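Scroll down for the structure; my scribbles are underneath it.
The values are calculated or read from the model by the stated rules, or taken from the named source; none is laboratory data. Every value quoted in this text rests on a predicted model; they were computed, and no experiment measured them. Don't worry about glycine lacking a Cβ; one is built from the backbone with ideal geometry, like all the others, and counts go over all protein chains shown.
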Amino acid sequence: MSMMKRWAKWTGSVAVVICLATFGAVWQKRQVKTLRHEVPSTIAPVFLVPGSSASQNRFDPLIRRLNRGRQPHSVLKVKVGKDDHLTYTGRIRKGDRHPFIVVAFSNNRDGYANIKQQARWFSIAFRALMKLYHFNHFSAVGHSNGGIVLTLFLERYLPAHVTAERLLTIASPYNLERRTAKKTQMLKDLIRERKQLPTTLKVYSIAGTQNYSGDGTVPFMSVDSGKYVFQNQVASYTEIVVTGVATNHHQLPQNRQIINLINQYVLHENISDTVKRQNKLLPRIK
Amino acid sequence: MHWVMTVNRWWLAHRTVQQLYAALRQLQTLLYGAAGLATVNLTIFAKHGFLNQIFSLSTTIPLLKLLAPFIAQLSFLLNLAVLLGFAGLFTARLVRPQFRVPACSSAIVALVLLRFTEPVMLDVDVLQLPRFLNLEGQVLPSFGGAIILGLITSWLFNRWGRYATALLLGEVGLVFGGTILWVLLVPDWSRGDLYGALWPILGRHAPLWIVVCVMVNCFLNLIGMTGTIGAGNYNGGSVAVHQNLSYALTTHHLTRVPWPINLHAIATTYANTGGPGMLLAAVLAVWLLTRHQAQSPARASKWPALFNVGAPLTLTLPIMLNPIMVVPFVTSSVVACLIPIGLTTVRWLPPSVYPVPATTPGFLRGFLATNGNLVALFVGCLTVVVAVAIYWPFVKLAVQQLEDKNEHDETMG
């Protein structure tokens, strides 16, 4: 009996220790996960998504100009195949806090069905990159349909613990190429799911106006429709109209004013003192 | 071992030491009660208690949150009663019978002023008092002040007992003034986490520095004074801890943290099992040697020691102010540091980076602080086994001496 009692005591003690270790390990895994989400990662990439028919090299001139006259940001290009396969070109330099990641698609055709598919492909690339580079906050720039892809991604696929800081769309047709106020199915869907957009996101929507109605491809009215998606949902929504030279739809990513806007709003770099004062980053000169 | 026995016999022959241990024996039941309640409070009711955290007790049992402040205050008061009771009993045993009342009063009031002047001056919140005074079950460090006050008070009253009122007022005034001067002259940063603050400067000699810190801490604890490394001290202010945590959280791995060997990762994680001096090992050794006895001192200490509230055994075996226990107390801690230092250096053991509750069982600390690394779990258990082996011969001697003394007392009685 005494022997049995002793065995029972030992078994009980071992069981208690195993129980504490198991529950402790489960609890700690949860804690570390929460901590990881709370602490901003050192790397906050800037995603660049080209529009329809454009390849992963679409932003090369833009990146060259953005990198001019300073320590260049590294560039990683990812192409998502139709079978969800990812092809990488370039690399992210160690210590680069804001690398550029261009995400392009094998199927880069226009049309709502393709755009929806591209948003899903983008989410596949995003999750793979997140696992690889351990970032939990980012900004994004999308040209033309690339902006729509990013908006759909933010509404449908953004992981819960990831913070989208700034989104800059260049001539993104929220109502496709429609020149009337009648909403397309895509815009209706975007409006329906707008509540999923992160409330801390800052959105800048740039419209090019080569003529009175638009940039030659996307009507101004369609870009302007973005207000129905973002306004009163995200932290701030700003529409900027760029006119003058190089305001044709295809020239917009190389437009000097837009490059300055990306520097100012997305990268927070190379900002002139005048602009800093306007944005209250510097005290006013008395 | 002969010389150890000789030194110990000489030590135990002193009247003051005998009175000290007698006072502790008198308080034994209260001490066990206080340590038990403190363990329950710190592990279950406290917001960051180990059991509370891993079983999410606060959210599943709403009553727990409601009761927590009462239990915390009750535990604080009980531990305070142990401390004050000890000061009074120790003084009473040393002073002549006719001066017992004023001498005890003087010692108790002086101790209250010694402990409470600083929090009052710094306007510490009432709920933070137990932590500030280090009276959350870990009563051991506070006993140094009580012993010194007891010795001074009894000496003064034995010599000039006729001027009892003047002595009482004088002692209380001196302690009060001295404490105020201490608070004003010695800045806050120079106390608290001294080792952590010095870490960035001495990081180049990390292993040596850790061993020195641990030895100093053990000696401070043995003489009943507060050490800066303890179960309650997570070294939160240490630059190394913050940098490591930040690195691990952003890169998701522990292999190249900037400070793999630091005080928290080594000493707090592996050399604090059961409290300073690897007390869980001492409890296990005592339990294995005395389990046949009905009144085993390890019986009441096992649960507090499991959750790093190791005070009862240190006071009742006793380990505190006992020369026979200095060697294993210090050696086991140093060895418990050297094992993880060696394994971390050869990269077999990942550094302990993630925070764990102060009451996490010592052998699980490494496992949890590395987010579930099995090598860390093995090292945690190994340090305990090695520490038990180190304690074994010394505990055997101490237990034998206690038994001899009890037999002697019974024969004399």
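What residue, of A:LEU150, A:LEU168, A:LEU132, is within 16 Å of the chain's Cα centre (by Cα) and part of a helix (DSSP H, G or I)? That would be A:LEU150, the only listed residue that is within 16 Å of the chain's Cα centre (by Cα) and part of a helix (DSSP H, G or I). Here B:PHE307, B:PHE329 are screened, and the one residue that is crowded, with 24+ Cβ neighbours inside 10 Å, within 14 Å of another protein chain (Cβ to nearest Cβ) and at pLDDT below 95 is B:PHE307.
Residue-wise test of (1) of a type in the set (A, V, I, L, M); (2) at pLDDT below 90.
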residue	(1), (2)
A:LYS9	no, yes
A:ALA21	yes, no
A:GLN28	no, no
A:LEU35	yes, yes
A:LEU86	yes, no
A:GLY90	no, no
A:ARG93	no, yes
A:PHE100	no, no
A:ALA113	yes, no
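Residues of the range B:60-118 that are touching an Asp or Glu at 6+ places or on another chain (Cβ under 9 Å), of a type outside the set (A, V, I, L, M) and within 22 Å of B:ALA38 (Cα to Cα): B:SER75, B:PHE76, B:ASN79.
I want to confirm something. Restricting to the range A:71-101 and keeping residues that are under 15 Å from A:PRO45 (Cβ atoms) and small (Gly, Ala, Ser), which single residue is surrounded by the fewest Cβ atoms within 10 Å (Cβ to Cβ)? Result: A:GLY95. Does A:ILE124 meet the test of being touching an Asp or Glu at 6+ places or on another chain (Cβ under 6 Å), touching a residue at least 24 places away in the same chain (Cβ under 8 Å) and either among the hydrophobic types (A, V, I, L, M, F, W, C) or farther than 17 Å from A:ASN57 by Cβ (or both)? Yes; evaluated as a whole, the condition is true for this residue.
Test B:THR43 against the criterion of being assigned by TED's automatic domain parsing to the domain that holds B:LEU133 and free of Cβ contacts under 8 Å to residues at least 12 places away in the same chain, and give yes or no. Judged against the criteria, B:THR43 is not a match. Are any of the residues in the range B:334-349 touching a helix residue (DSSP H, G or I) at 6+ places or on another chain (Cβ under 9 Å), within 14 Å of chain A (Cβ to nearest Cβ) and modelled with pLDDT of 90 or more? Within the range B:334-349, none of the residues are touching a helix residue (DSSP H, G or I) at 6+ places or on another chain (Cβ under 9 Å), within 14 Å of chain A (Cβ to nearest Cβ) and modelled with pLDDT of 90 or more. Out of the range B:360-375, which residues are away from chain A (no Cβ under 11 Å) and crowded, with 21+ Cβ neighbours inside 10 Å? If the condition is that a residue be away from chain A (no Cβ under 11 Å) and crowded, with 21+ Cβ neighbours inside 10 Å, then B:GLY362, B:GLY366 are the ones that fit. The set of residues in the range A:17-55 that are within 9 Å of chain B (Cβ to nearest Cβ) and aliphatic (A, V, I, L, M) comprises A:VAL17, A:LEU20, A:ALA21, A:ALA25, A:VAL26, A:VAL32, A:LEU35, A:VAL39, A:ILE43. In the range B:288-304, the qualifying residues are those that are surrounded by 16 or more Cβ atoms within 10 Å (Cβ to Cβ) and closer than 16 Å to B:PRO393 by Cβ, and the one that is modelled with the lowest pLDDT is B:THR290. Comparison of A:THR151, A:THR169, A:THR163 shows that the only residue that is touching a residue at least 24 places away in the same chain (Cβ under 8 Å), surrounded by fewer than 22 Cβ atoms within 10 Å (Cβ to Cβ) and β-branched (Val, Ile, Thr) is A:THR163. Among the residues of the range B:199-229, the one identified as over 11 Å from the mean Cα position of the chain (by Cα), buried (at least 17 other Cβ atoms within 10 Å of the Cβ) and modelled with pLDDT under 65 is B:TRP199.
Tallying residues that are farther than 9 Å from B:PRO351 by Cβ, within 13 Å of chain A (Cβ to nearest Cβ) and of a type outside the set (Ser, Thr, Tyr) within the range B:240-257 yields 7. Among residues of the range A:40-62 being aliphatic (A, V, I, L, M) and buried (at least 21 other Cβ atoms within 10 Å of the Cβ), the one that is nearest to B:TYR247 (Cα to Cα) is A:VAL46. Scanning the range A:179-214 for residues that are surrounded by 17 or more Cβ atoms within 10 Å (Cβ to Cβ) and under 18 Å from A:ASN255 (Cα atoms) yields A:TYR204, A:SER205, A:ILE206, A:ALA207, A:GLY208, A:THR209, A:GLN210, A:GLY214. Among the residues of the range B:259-270, are any within 14 Å of chain A (Cβ to nearest Cβ) and modelled with pLDDT under 80? The answer is no, given that none of the residues of the range B:259-270 is within 14 Å of chain A (Cβ to nearest Cβ) and modelled with pLDDT under 80.
Where helices (runs of 4 or more DSSP H) sit wholly within the range B:13-57, those with at least 3 residues that are among the hydroxyl-bearing types (Ser, Thr, Tyr) occupy B:28-40. Each residue in the range A:186-213 was checked for being within 17 Å of A:VAL149 (Cα to Cα) and part of a loop (DSSP other than H, G, I, E, B), and 4 of them qualify.
Scanning the range B:255-271 for residues that are more than 13 Å from B:GLY342 (Cα to Cα), part of a loop (DSSP other than H, G, I, E, B) and β-branched (Val, Ile, Thr) yields B:THR255, B:VAL257.
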